Each structure stands twice: as structure tokens, then as C-alpha cells.
Amino acid sequence: MNNPIQLETKLLSSLTKVFADETPTEQAFTSASALFGETYSFQVAYTSDTLLKNINANIDSSLADRILIRSVGLVPSEMPCFKDPDDNVLRTTPGLYPDPLYELNQQSISALPQQWRSIWVSVELDESVSEGPHSIQISFQSAEGETLAVSDIFQLTVIPATLPPQQLIHTEWLHVDCIATQYGVEVFSEAHWTLLERYVDSMVKHGMNMILTPLFTPPLDTLIGGERPTVQLVQVDVQGDSYKFGFDQLTRWVTMCRKLDVKYFEFSHLFTQWGAKCAPKIIGTVHGEEKKLFGWETDASSEAYRSFLDQFLPSLDRYLKENGLDQQSWFHISDEPDLSQLKSYQAASQIVRKHLADYPIMDALSDLAMYERGLVQRPIPGNNHIEPFLEHGVPDLWTYYCCAQHQEVSNRFFNMPSSRNRVIGLQLYKFGLKGFLHWGFNFWYSQYSIDQKLDPYRSTDAKLGFPSGDSYLVYPGEEGPVESIRLEVLYEAMQDLRALELLEQKIGKEQTLKLLEEGLTEPLTFSVYPKGSGEWLLATRERINQALASHYA
């Protein structure tokens, strides 16, 4: 008689990363609560003593029509971290890491002998769902219909309170050229527009309400003297010493973004990265022929580029006002300048502010001295450099992180626990920050954009440029984005923030913070927070929910 197939399952929270070669040690996670307007996620981990392919997952729940099941995929990381990681990481070794979330028609559920895998269960809740407890149970069946395992019951209690709209401005930079390159489509062709809409839709559904808009090809992460593909929404016609500007493509972009509920537009940097020394690549039509008008060879303070901006910026200002965009538009000068680049940044700032004084101008900047000199209207310090800005009382403060923020603070590398990704929501709330920025929603090139033919499923570290997980949150699927664990957990952080804001409406900020920090030995900061598995974070969110429940009973 054959031995019965053994498929073992375990319910886990969204904050556990299930590695193929490691038995999950967390306690089973079997119940939680959520609010209307929330997407709630948990996992069912599983392992088998034999190879099983094409497993079907069936949902037994009154919420079945609101549940999406995805298979958690594995991708390689050659460089999971820099040489000096802190202790709040899961591992530092190269290998396979759980990250992409495949819909079941993209990658079926399979079990491999003595390996652990998981499925990701997302529940979308709105006010048509009945309040109170709902049980969710997942059964696994073979392709032949044999039941292989039935998970324990997960109980999700719906609290009849609705998450308020997100107030935080959240931008993750969309790299339009990477999409065109990856899919082999012409920039701003119909095929490209179709793909762009799917990627922007994913962004908005995950709490990103501002979009990087390429007036001209964004001068970001480009080797000095190198080029990225041209992605320019503004038509430029050269007429002697004058320019005529066409905004048809920009109008199409704005129309698409508004349809998808994008709230704010941040326009691409008007000067090159790291000090504003040069002009970005700008293409124009001269006597009927397309030519490069400006680029690395153009000094930022040259008479020619000054003349261009003196004509372009007033024209853009008129366009924004005529189209009701002036209250939703933000500008950049140059990304990540420092004090050694003071002179060039100051000159660039003066050119721009002459025409755009009524608009918010923001840049990633971690040196308070540059702000104190009045050079940056809206500084965005890294979350590891934010304390002096907080102490200084800088108004309307934002923060960001990238690969440099790898010690102590929140971030989202593959090798970091998901709790380190999610805690940012609580920190943003406590310190009343107005915005959060990250440079990589889908940067699929190598560092400095040298290799533009990268396979993001193979090289997850931008060819050893950044620790895996820094440069993108989504993968290219056949017809649009394949989302990731890190994207979903980051959205959970945004939901935590909104839940706290809802509670503040009921009990005030002081009492909300007291509840948030209950049981902590030290107050929450950007570098001080409970490290590890995420149990504290889950318990904290549950306290918030129960406090809300008492006001909506």
C-alpha cells in the first residue's frame, strides 16, 4: 500500500518571509481584524515530502469573491547587503529570496520535497462586506482533484470603520524608459501607453498618489556622458533663438493619470543629478529634423540653457494653470546635491525659482546646512539623517530612503524582515511627515543605466549596484506588473498610517501616540523601534483596531 502524500500547511502573517530552505519558526497566525477600505493579507506556508505540481487552491469563505491568491516566487540575490549590515536582517548570504507574487495563471502552485513555499492571500474589504468575523480556509488539491491538505481556519474580523483617504503624498519613481526597453516597444507607442496605464494603476492601488512625470528624459542614475532612452513628453520646436512648445503628449499623460486617480504630478529634474552641473537630455526639432539640443555637454548655467528655461518655464506655467494643474504640481532641481556642489546648485535654484516661485520645489537632500541657506524650499532628508530636520522644526517635512539607508532605519531589501519595511507607516504618523519618496518603483537597468538589457528576475541588484530590493518593487510580467511582497507590505504601512489618523480623529494625537507606544521601553524614532519578527507591529495594529472598534460599536 502506498504511503499517503504528506502536505503540511501553516498559517503565517504577511510579515514572515518563507525561505525554501528554512522551516518557519513563527507561531501560527490564525486571526486578525481589518477595516473597511483595507486590503488584508496573510500567508499559507506549505511543504511536502514529494514533488507535487499544478496544485489548485480553493477558498472556503463568505469573502471568497474578494480574495486573491498568489504564489510567492523565489528570485536570486547575489548581493543581499553591503559589507556592514546591522543585526536586523534575516540573512546576509547570497541565494534565493521570496519576493514576486505570481497570479496563478502566471505560475502555478508547486511543492518540492523538503522545501517550504507559501501562497499569499489578499482580502479586499469595502462597506458591502458584513461586519464581524469571517472564516477563511484554503484547501489544496492535486490536478486530479485529490485533496492534499486543508489549512487551519483564519478568522478575519471586519470592524465597521472606514479607512480615511490617504493624506500622505507618496511617490515611487516610475521609470518609463525601463518599461519600453523591457517589453521591446517604442516609447509612447500605443503598446507603451497600454503598459504604462497598467503600471500606474498598480501604483495608485498601493498608495502612490504622486507620479514622476518626464517632461524631458529624467537625468537620474545615468553615467556621466551616458544616455538613457529618450522619454520626453514635451515637444520642442526650435525657431531661430526662440522655442515653441507642444504639450499634447503631456496632456495624454495627465489624462491617463487623472483617470487612475493620481493626485499630484512631480516634474522631472531640470538639471543633472549630484549637483546640477549640466542640463538634462532635451530633444528638439530643427528645420524638420530631431536633434539633441542639450545634455551632458551643456553647462547648467550656460546662456543657451538659461534662455531655454526662460522660455519654457513660463510656457509650462501657463499650461498648468489653464489645465487646473497648478495646485497639484511639484518640481525638482537636482537629485541629492551636497555642500561641495553648493555653487552649481545655487545657480540652478535661482534660475528655476525666478519662474516657479509659486510652486513647491523639492529635492532629496540630507544636509541641513543647504536648507538653512535657503537653497531648497522642500528638503527631503533620508530617514537616517532626518533628526536634525525634525529638531529644527522644518515645516511640511518629507523623508526618503534608498541603498544608503541600510543601518538601523526602515528599508525594504530582500534580506530585511518585512516588519522593517512596514514600520515606516508608524514613524511617518508619529512625526507628522507630509510625504515619502523612493527612487525605484521599476528601475530595471544596471547602476548608472550602463546595461539596459537586464533581466530583473536574474539580476536583482542592478548588476551589483544596490542591495537586492532597492531598485524596484515590481517585476515585468507578460502584460503588466508582477507585484511583490515588499510592495504589499509597504501598502500595509500606508494603511497603518491611515488607521492611526482615523483614531486621532476620535481621541486626539496625544492619546493615539500613547496607544501606539504602549509597552515600549523607549519612544519610537526612525532608528529606534522593536526589531525582529513583527509580532509587536501586528499587536500594535490590533490595539489600534480595537480602539477604533470601541468607537464604532
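In the chain, the DSSP beta bridges split such that about 65 percent are antiparallel, to the nearest 5. Taking label points 7 Å from Cα along the Cα-to-Cβ direction, D338 and I507 give a separation of 4.4 nm. Distance between the C-alpha centres of the range 3-65 and the range 486-553: 25 Å, rounded to the whole angstrom. Within the range 1-65, list the trypsin sites (Lys or Arg not before Pro) lying in a DSSP loop whose Cβ has at most 13 other Cβ atoms in a 10 Å radius. Answer in residue order: no site qualifies. Bridge orientation summary for the range 196-486: considering DSSP beta bridges with both residues in this region, about 45 percent are antiparallel.
For V185 and F82, compute 0.36 nm times the residue count separating them, minus their Cα-Cα distance, and round to one decimal in nm. Length gained between V185 and F82: 33.6 nm. A Förster radius of 56 Å, combined with the Cβ-Cβ distance separating R373 from Q155, puts the computed FRET efficiency at roughly 0.50. Measure up K321/K354; K205/K434; K263/K506 against 22 Å on the Cα-Cα distance and list the ones that go over. Over 22 Å Cα-Cα: K263/K506.
In the range 168-303, the DSSP beta bridges split such that about 60 percent are antiparallel, to the nearest 5.
Listed peptides 24-30, 278-284 appear in the order 278-284, 24-30 once ranked by packing, highest mean of other Cβ atoms within 10 Å at the front.
Residues of the range 524-553 with an amide N closer than 20 Å to a point placed 7 Å from the Cα of S31 along the Cα-to-Cβ direction: 535-553.
Computing FRET efficiency as 1/(1 + (r/R0)^6) for Q106 and S135, where r is the C-beta to C-beta distance and R0 is 25 Å, gives about 0.35.
Of the GluC sites (Glu not before Pro) found in the range 295-352, those that fall in a DSSP loop while having at most 13 other beta-carbon atoms within 10 Å are E297.
Sequentially through the range 480-497, phi angles give Karplus couplings (6.51, -1.76, 1.60; θ = phi - 60°) of x, x, 9, 7, 9, 3, 5, 5, 5, 5, 4, 5, 4, 4, 5, 5, 4, 4 Hz, Gly and Pro residues having no value and appearing as x.
A Förster distance of 30 Å, applied to the separation of the beta-carbon atoms of S315 and I224, puts the FRET efficiency at 0.55.
Cα centroids of the range 425-473 and the range 78-104: 14 Å apart. Simple spin-label estimate for T50 and H392 gives 6.6 nm between the two label positions (7 Å along the Cα-to-Cβ direction from each Cα). Each label was represented as a point 7 Å from its Cα along the Cα-to-Cβ direction; for Q114 and D455 these points are 2.8 nm apart.
Per-residue Karplus couplings for the range 377-390, computed as 6.51 cos²θ - 1.76 cosθ + 1.60 with θ equal to phi - 60°, are listed in order as 5, 10, x, 10, x, x, 5, 8, 10, 7, 4, x, 5, 5 Hz, Gly and Pro entered as x.
All of the numbers you see were taken from the coordinates with simple rules; none came from a lab. All of these numbers come straight from a predicted model, not from anything done at the bench. When we count neighbours, we look across all protein chains shown, and the Cβ atoms used for this are built from the backbone with ideal geometry, even at glycine.
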